[in-house]
Amino acid sequence: MDTDHCKATVHEYFRCEDAFQSFCKHSEYMVLKEKNREVSYRAYNAYASFIHHLWEFLQACHARDAKKKNITNKKGSERIKVIEGYVSLHAQRIFDQYRDAIRGGHAPQWVNHISYYEIKVPVEFASEFRKYRNKVSGHVDHERVSNLSLSEFYQKYHKYLYYLFLDAKHMWGGKGEFPDLKEVTDFSIMITNKKEN
């Protein structure tokens, strides 16, 4: 079961990465060429998909860490608290690791100034992440178009999402040959005739 769970988690990370790459492409077009409704729509959808798949990926990681197939055995608000706590602690750990690496003199050259990492992840980050995952990508809700600004969410929280995504790349991202994801990579729209024995 763990092998299958890992394959599903890899698939979710790949979906997250695909969404992020699409977001980058549309954002670059918006900044370098033109911002119009269609480009904004495509960038919004890609970022909403990125949020959705990153949340699902992190839930899958939590389930594996906790050795549970059902993410957590808690229900309702308790379950939400457990997942949000996992996301917040994980984000803080990542920023603390970069801060400590800079202080220790072994940080990669591409990292930002230490002040970028000497932070406390906002208390509301994980609950906002979950709320936006639900409303901009998951459930159809009037708030999506009336008062839920994905632009504001991006300004406040993107750095935390990006580092959660980046941190997972070495473990879950593609390396070398594309992995066998069973039914996912066996998918085909072509009808084949199986030889009968």
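The values are calculated or read from the model by the stated rules, or taken from the named source; none is laboratory data. Only a predicted model underlies this, so the values are computations on that prediction, with no experimental measurement involved. A quick note on method: Cβ atoms are made from the backbone with ideal geometry, for glycine too, and the neighbour counts reach across all protein chains shown. Note: areas computed on protein heavy atoms with side chains; ligands, DNA, RNA excluded. Shrake-Rupley method; radii C 1.70, N 1.55, O 1.52, S 1.80 Å.
The conditions are (1) aliphatic (A, V, I, L, M); (2) surrounded by 15 or more Cβ atoms within 10 Å (Cβ to Cβ); (3) under 17 Å from the mean Cα position of the chain (by Cα), and residue 171 fails exactly one of them. Which is it?
Evaluating residue 171 over (1) aliphatic (A, V, I, L, M); (2) surrounded by 15 or more Cβ atoms within 10 Å (Cβ to Cβ); (3) under 17 Å from the mean Cα position of the chain (by Cα) leaves (2) as the failure.
Confirm whether residue 3 is surrounded by 15 or more Cβ atoms within 10 Å (Cβ to Cβ), assigned to a helix (DSSP H, G or I) and either under 13 Å from the mean Cα position of the chain (by Cα) or β-branched (Val, Ile, Thr) (or both).
No.
Quick one: is residue 184 open to solvent by less than 70 Å² (accessible area, probe 1.4 Å), in a helix (DSSP H, G or I) and under 18 Å from residue 60 (Cα atoms)?
Details: open to solvent by less than 70 Å² (accessible area, probe 1.4 Å): yes; in a helix (DSSP H, G or I): yes; under 18 Å from residue 60 (Cα atoms): yes.
Yes: the conditions hold for residue 184.
Where in region 51-155 are there helices (runs of 4 or more DSSP H), lying wholly inside it, with at least 3 residues that are more than 22 Å from residue 13 (Cα to Cα) and of a type in the set (Lys, Arg)?
Working: elements: 76-104, 125-132, 143-146.
Output list reads 76-104.
Tell me which residues, restricted to region 105-143, are in contact (Cβ under 8 Å) with a residue 40 or more places away in the chain and among the basic types (Lys, Arg).
130, 133, listed by residue number.
Within the group 26, 11, which residue is at pLDDT 95 or above, assigned to a helix (DSSP H, G or I) and buried (at least 17 other Cβ atoms within 10 Å of the Cβ)? I'd like the intermediate steps shown before the answer.
Details: 11 fails: at pLDDT 95 or above.
Every option except 26 fails the conditions.
Pull out all pairs, ordered by first then second residue, where Cβ-Cβ is under 7 Å, the residues are six or more apart or on different chains, the first lies in region 74-97 and is open to solvent by 30 Å² or more (accessible area, probe 1.4 Å), and the second is in a loop (DSSP other than H, G, I, E, B) and modelled with pLDDT under 95.
79/72; 82/72; 82/74
Here is a list of conditions, (1) within 23 Å of residue 152 (Cα to Cα); (2) surrounded by fewer than 15 Cβ atoms within 10 Å (Cβ to Cβ); (3) at pLDDT below 95, and residue 132 meets all of them except one; can you say which number that is?
Looking at each condition in turn, residue 132 falls short on (2).
Taking region 141-165 on its own, how many of its residues are within 20 Å of residue 80 (Cα to Cα) and either open to solvent by 50 Å² or more (accessible area, probe 1.4 Å) or hydrophobic (A, V, I, L, M, F, W, C) (or both)?
3
Among the residues of region 117-147, which ones are in contact with an Asp or Glu (Cβ under 8 Å, 6 or more places away or on another chain) and farther than 21 Å from residue 59 by Cβ?
Matches in region 117-147: 117 only.
Quick check: is even one residue across region 96-104 of a type in the set (D, E, K, R) and modelled with pLDDT under 95?
Taking region 96-104 and keeping what is of a type in the set (D, E, K, R), we get 96, 99-100, 103.
In the following step, the residues that additionally are modelled with pLDDT under 95 were identified as none.
No, because not a single residue in region 96-104 is of a type in the set (D, E, K, R) and modelled with pLDDT under 95.
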